[in-house]
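Novice: I'd like to ask some things about the structure below.
Please treat every number below as a calculation from the coordinates, not as lab data. Just so it is clear, the structure is predicted and the values come from calculations on it, not from any experiment. In this analysis, Cβ positions are derived from the backbone assuming ideal geometry, glycine residues included, and neighbour counts consider all displayed protein chains.
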Amino acid sequence: MFKKNRHGIQIKTPEQLEKMRGAGLVVGRTLDLLKRSVEPGMTPLDLDVIAEKAIRGEGAIPSFKGYQGFPATICASVNNEVVHGIPTNARKLREGDVISIDCGAILDGWHGDSAVTVPVGEVDPKLTELMRITEEAMWSGIRALTVGRHLSDIGYEIERYVRSQGRYGIPQEYGGHGIGTEMHMDPWIANHGKPGRGPVLEPGMCLAIEPMVNLGSDRTRVLADDWTVVTVDGKASAHFEHSVAVTHNGPWVLTALDGGKERLAQP
């Protein structure tokens, strides 16, 4: 029923890609709502409630809730939290914070997965620049999703862009992944490395591209909750992600409301 290439990577038909797009749009619209909702005084759990209502309101199911025991609809990672933060009411967002929101949804058995980092009010210019660099690094990786290129070209382009911007840390243990009938599928995608290695990209592949970039070193650790990843040096981190299909016409960004047209048209 689901075709895979010789590397075990799921290849979607055009009809299946349309279903992936449906799930991607649910995630894209939910994240757009969450970005507009973030303000000082809110808690990460407030955002989680908004996200679950939005996803279920579109007839979809939150991907994260219950996944390997994760208790919430979104991952909400604040300041030095890199990824997998559990949203709670334990603290309120403050002016100057940054929060990374990772969101997933299942629609008709297909997954969408995307993340953004959002400023809470006015933030330090260093954090604004960190977010800009991380988001542009993601788009640099997405532009590598063309037929005939290699899987490692994605991480190469991400790392090359980040390194061109200054001294930032790229966590080595975390990266992107395949996506389709499951949220996490083969292949794993590093956010660093040399080009021209690994499987050749084919039409019908769907990959989640998600760089994480730290303001300090690349070293991280996991907190006692067994989920939340933080920077060892306590400096801030940013995270952006889109689910993307490889097509004969170039990358189709399934979780971007415009399919990625505006950003991909930029040099």
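Novice: Residues of the range 225-267 with the amide nitrogen closer than 20 Å to a label point 7 Å from the Cα of residue 7, along Cα-to-Cβ, please.
Specialist: From the range 225-267, the list is 242-254.
Novice: Magnitude of the Cβ-charge dipole of the range 154-267, K/R +1 and D/E -1, about the Cα centre, nearest 20 debye?
Specialist: With Lys and Arg at +1 and Asp and Glu at -1, about 520 debye.
Novice: Now, a different point. State the extension gain, in nm to one decimal, for the chain segment bounded by residue 262 and residue 58, taking 0.36 nm per residue of separation less the distance between their alpha-carbons.
Specialist: Here the segment from residue 262 to residue 58 would lengthen by 70.9 nm.
Novice: Using alpha-carbon positions, what is the distance between the centroids of the range 175-254 and the range 23-96, in Å?
Specialist: 19 Å
Novice: Now, a different point. Report the gain in length on full extension from residue 147 to residue 108: 0.36 nm times residue separation, minus Cα-Cα distance, nm rounded to one decimal.
Specialist: That works out to 11.3 nm of additional length.
Novice: At q = 0.15 Å⁻¹, what log₁₀ I(q)/I(0) does a Debye calculation on the Cα points of the range 1-49 give, no solvent, two decimals?
Specialist: -0.60
Novice: Return the lysines within reach of residue 126: Cα separation strictly under 25 angstrom, same-chain partners fewer than 8 residues apart disregarded; answer none if there are no such residues.
Specialist: Answer for residue 126, where 25 Å is the Cα cut-off: 35, 92, 235, listed by chain and number.
Novice: List every residue whose amide H lies under 5 Å from the amide H of residue 149, counting only residues 5 or more places away in sequence or on a different chain, with H placed 1.01 Å from N in the peptide plane.
Specialist: Result for residue 149 returns 201.
Novice: Using a Cα-Cα cut-off of under 30 Å, which lysines could be cross-linked to residue 3, ignoring same-chain neighbours fewer than 8 residues away?
Specialist: Answer for residue 3, where 30 Å is the Cα cut-off: 12, 19, 65, 194, 261, listed by chain and number.
Novice: Figure the gain on full extension for residue 129 and residue 43 (residue separation times 0.36 nm, minus the Cα-Cα span) and round it to one decimal in nm.
Specialist: This chain segment gains 28.5 nm when fully extended.
Novice: Right, something else. To the nearest µm²/s, what D does Stokes-Einstein give for the chain at 37 °C and 0.692 mPa s, using the Kirkwood radius over alpha carbon pairs as Rh?
Specialist: Stokes-Einstein gives a translational diffusion coefficient of 180 µm²/s.
Novice: Dipole magnitude of the range 11-79 about its Cα centre, charges +1 at Lys/Arg Cβ and -1 at Asp/Glu Cβ only, in debye to the nearest 20?
Specialist: My answer is approximately 160 debye.
Novice: Could you give the dipole magnitude of the chain about its Cα centre, charging the beta-carbon of Lys and Arg +1 and that of Asp and Glu -1, in debye to the nearest 20?
Specialist: My answer is approximately 540 debye.
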